[in-house]
């Protein structure tokens, strides 16, 4: 068996009323052993319910959950060999770092000498050697995060679960901790299910991304699949800041978007389609004459963000949001340009999806 977790046609309805709406509507997926899968989606899409069903904190209404080849559908958390790291850390304020990390081992009846050794290993793995006797109040937010991670790791779970683990941290610490979690997962070959609402976080840490919407799986695949090859308007719009434009495809897969022509990289039916364009896909060409190849546009707004500029242009396609890394030839408001499209960051989806 190379699947750490397998969902087979899982549904979840809260309450006993059979007419109540389903929170999860018959989803199936696999998480391979030693990989990290992120479950992503807007609020209320069912991602946290899905994670809680993996943990055993919620029971499915129907379907089957398999872990390491064993049916665990009716088993509680204690019988599943999973650890869950919550958004709030949930550290005991009166216990020092060693006591917090050792708590689960103590409750499981592990001998003290063995527990102390395992705690030392776990603290080493998360970079907290020498912090054993500090209280949570004496730690920074990032250090508290590491303690919570060590407490989950020390139980040597078959599956490690994260529920919005970085949402309480500032931007720099978020980046550091996501790199740390990913590095630890790869080094220890952990099987991880990770819930977040942050698309960039999901792209950075995942082997597989599952995008959920309204209790269903909208699409799943590698980070590259989700960003570069979305299969629906919803996924194209949700992964990143893509703008969607109506266009027309012919039988050969050529797509006309205003004056621009695109060749779809995936099959699309002839007729009305949508083109999803990432902000970084637009190429800006200064207009040297009234005529020029591309989409004519006029700069309405400009914002400097340190390593790039954000531009908003008015065009025949409506307003267009563009990210430009060019910090030397900065456009002034009112500038008239031609916009063309790079090969990356452009996707065509059927308008009926």
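Computed from the coordinates by the stated procedures, all read-outs in this text should not be read as laboratory data. Quantities reported herein were computed from a predicted structural model and do not represent experimental measurements. Quick reminder, even Gly has a Cβ in these numbers, built from the backbone with ideal geometry, and neighbours come from all protein chains shown.
A few points about this structure:
- Mean separation of Cα contacts under 8 Å (6+ apart) over length of the chain, as relative contact order %: 16 percent
- Between the range 227-269 and the range 149-224, the alpha-carbon centres lie 29 Å apart.
- Between 0 and 90°, nearest 10: helix 112-125 axis offset from the chain longest Cα axis: 20 degrees
- Computed as a quarter of the hull surface, the mean projected area of the alpha carbon convex hull for the range 298-353 stands at 5.1 nm².
- The modelled label-to-label distance between residue 252 and residue 293, using points 7 Å beyond Cα along the C-beta direction, is 1.7 nm.
- The tail of the calculated P(r) for the range 1-106, taken as Cα-Cα distances beyond 25 Å, holds 30 percent of the pairs.
- Share of Cα-Cα pairs in the range 242-350 lying beyond 18 Å, as whole percent: 48 percent
- Cα→Cβ-extended label distance, 7 Å offset, between residue 244 and residue 314, nm: 2.6 nm
- Rounded to 10°, Cα long-axis angle of helix 97-107 versus longest principal axis of the chain: 70 degrees
- For the range 1-41, backbone nitrogen atoms closer than 19 Å to the point 7 Å from residue 225 Cα along Cα-to-C-beta are found at 2-10, 26-41.
- Potential extension, residue 167-residue 270 segment - 0.36 nm per residue separation minus Cα distance: 32.8 nm
- Compared with the dominant principal axis of the Cα atoms in the chain, helix 141-153 is inclined by about 60°.
- Rg to Rh, two decimals, where the chain supplies the alpha carbon set and Rh follows Kirkwood: 1.06
- The range 47-88-the range 323-353 distance, computed between alpha-carbon centres (Å): 44 Å
- Of the peptides 198-204, 310-316, 137-143, 96-102, the order by per-residue mean of other Cβ atoms within 10 Å, starting with the highest, comes out as 96-102, 198-204, 310-316, 137-143.
- Most to least packed among 13-24, 271-282 [average Cβ atoms within 10 Å]: 271-282, 13-24
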